[in-house]
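Coordinate-derived values only; no laboratory data. In this text, all values refer to a predicted model and were calculated from it rather than measured experimentally. So basically every Cβ, Gly included, is an ideal-geometry build from the backbone, and we count neighbours across all protein chains shown.
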Amino acid sequence: MNSHDLEKWDKEYVWHPFTQMKTYRESKPLIIERGEGSYLFDVEGNRYLDGYASLWVNVHGHNEPELNNALIEQVEKVAHSTLLGSANVPSILLAKKLAEITPGHLSKVFYSDTGSAAVEISLKVAYQYWKNIDPVKYQHKNKFVSLNEAYHGDTVGAVSVGGMDLFHRIFKPLLFERIPTPSPYTYRMTEYGDQEAVKNYCIDELEKLLQDQAEEIAGLIIEPLVQGAAGIITHPPGFLKAVEQLCKKYNILLICDEVAVGFGRTGTLFACEQEDVVPDIMCIGKGITGGYMPLAATIMNEQIFNSFLGEPDEHKTFYHGHTYTGNQLACALALKNIELIERRDLVKDIQKKSKQLSEKLQSLYELPIVGDVRQRGLMIGIEIVKDRQTKEPFTIQENIVSSIIQNARENGLIIRELGPVITMMPILSMSEKELDIMVETVYRSIQDVSVHNGLIPAAN
Ligand SMILES: *Cc1c(COP(=O)(O)O)cnc(C)c1O
């Protein structure tokens, strides 16, 4: 087995997610063999800084001895037994811990294995909640509100509440109806004024629709503080709080999808803490196991949970469950991950590093194709434009953004683009020095690609 065979078999047998396989098969794939701290190594021994935290999941670095040991200790006891009708030790301890660290009265934990499933569960629970408490009075509470450009996962229910046209257009006939509300995308909404004005506009629009339709709405789902997949759209301060207040006022459930922002990413353990918001339901995933195993959870408050209590023949039971729900290996890793976050004071460390990073990021504005630099904690989006005045993006054919990503890879940095936005999602434990290297590499890649395409003169 050599790297040549692996490349051949990868192209022959593996269908990669979110990937145009025609293009993929014409390019040289990156085949990762091992990881160490903030770095990944490919089969040829090349080293890369993991500026994408392996799709936003890695917390303490790769090949972390304490996480490795947690996995080994658990696998020597048992790898998996079902949570349907029986319990297991790590899933109990983790649920108790999650109840303690999540905001407010969130205390009932329903496990699954992907963020999308956590979202599906939140929607089904929210829907059934109203039917459980009064099926006649709430017979019309069947719809969900979500933001424009929202992303909540790829299963059909999660796609239904999503707002990214690119991902949804083709599946439209399969989806249930959602009620869209404007997202405060300040950079592209300057016609409304500054970020405060954009926020007020979005809040007013939301209130108008709730005034008209709240009786048909079961809940509102939102990515708190930052819309990740849409290109790191950072919301103005106060937006989330205002959304929470409207949900309370109009009697609809608030679902916070913390799959991307949870576990320290934005500088607090959970993003909604920053606005003192307590959702009725919270979805978590991605960073929960420190990037080791697939695990997700949907966490509810007592009131919602209690509405599902009744005699078996009342059919208030939540008829939902996945085969690997509450998997011991994943839960044991999540427990260790949270223990390390606390013991290493990681959240405070992230706050400090974010501040330093924000100064460094300003240097990117020296490059004319950088339109907007957005950051919340260790979540960064660089929106690339042809022209700063018109904010016109490059076309896919012009191939600017993907060339920048490719150039960065050749210089030892893994990052990815989301449409016209270069995104950096470093491993949360990265050192200040490594974060500097990440930004410097991105700077150089944007510069190189700009020169190569005649967008700026060559530096001498
Ligand atoms: C990634 C993500 C999801 C989906 O999680 P998967 O584990 O990929 O299914 C849902 N919501 C948000 C906000 C995400 O970033």
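Place a label point 7 angstrom from the Cα of PHE41 along the Cα-to-Cβ direction, then list the residues of the range 3-21 whose backbone nitrogen is under 16 Å away.
Once the point is set 7 Å along Cα→Cβ of PHE41, 3 turn out to lie under 16 Å by backbone N, inside the range 3-21.
Can you tell me, using C-alpha contacts under 8 Å and at least 6 residues apart, the relative contact order of the range 222-295 as a whole percent?
About 30 percent, as a whole number.
What is the set of long-range amide H partners of VAL145 at a cut-off below 5 Å, with H atoms built 1.01 Å from backbone N?
Amide H neighbours of VAL145, under 5 Å, 5+ apart: ILE179, GLY219, LEU220, ILE221.
Sorting GLU258, GLU366 on the 10 Å Cβ count, fewest up front, what's the list?
The fewest-first ordering by Cβ neighbours comes to GLU366, GLU258.
So for the range 68-343, taking the charge dipole from beta-carbon charges (+1 Lys/Arg, -1 Asp/Glu), which of ILE221, ILE203, TYR129 sits furthest toward the positive end?
Among ILE221, ILE203, TYR129, the one farthest towards the positive end of the dipole of the range 68-343 is TYR129.
Find, among the trypsin sites (Lys or Arg not before Pro) in the range 346-416, those assigned to loop by DSSP (not H, G, I, E, B) with at most 14 other beta-carbon atoms within 10 angstrom.
ARG388
Highest mean first, how do 298-311, 211-224, 188-201 rank when packing is the count of other Cβ atoms within 10 Å averaged over residues?
Packing order, densest peptide first, comes out as 211-224, 298-311, 188-201.
For the chain, what does -39500 (n - 2.57) per DSSP helix run (n ≥ 4), summed and divided by total residues, give at 222 nm, in deg cm²/dmol to the nearest 500?
-11500 deg cm²/dmol
Calculate, in nm to one decimal, what THR82 and ALA458 gain on full extension: separation in residues at 0.36 nm each, minus their alpha carbon distance.
129.2 nm
Calculate the FRET efficiency for LEU309 and ASP134 from the Cβ-Cβ distance with a Förster distance of 22 Å, rounded to the nearest 0.05.
Once rounded, the FRET efficiency stands at 0.90.
Once a ≥ b ≥ c are taken as the square roots of the eigenvalues of the Cα gyration tensor of the chain, is the result rounded (a/c under 1.5), prolate (a/b larger than b/c) or oblate (a/b not larger than b/c)?
oblate
Does the range 142-261 classify as rounded, prolate or oblate by the C-alpha gyration tensor (a ≥ b ≥ c root eigenvalues; a/c under 1.5 gives rounded; else a/b over b/c gives prolate, otherwise oblate)?
Because a/c hits 1.5 or more and a/b fails to exceed b/c, the range 142-261 counts as oblate.
Quote the FRET efficiency, to the nearest 0.05, computed for SER107 versus ASP194 with a Förster distance R0 of 35 Å and r equal to the Cβ-Cβ distance.
0.35
Could you pull out the GluC sites (Glu not before Pro) across the range 42-80 that fall in loop regions by DSSP (anything but H, G, I, E, B) with no more than 16 other Cβ atoms inside 10 Å?
GLU44, GLU76
How much length would be gained if the chain were fully extended between LYS172 and ARG444, taking 0.36 nm per residue of separation minus their Cα-Cα distance, in nm to one decimal?
93.9 nm
Would any residue of the range 26-46 have its amide N under 11 Å from a label point 7 Å out along Cα→Cβ of ASN68? List them or say none.
Counting only backbone N, you get 35-37.
Under 29 Å Cα to Cα from LYS143, which lysines show up? Leave out anything in the same chain fewer than 8 places away.
Correct list for LYS143: LYS108, LYS124, LYS131, LYS172, LYS199, LYS208, LYS241, LYS248, LYS249, LYS286, LYS316.
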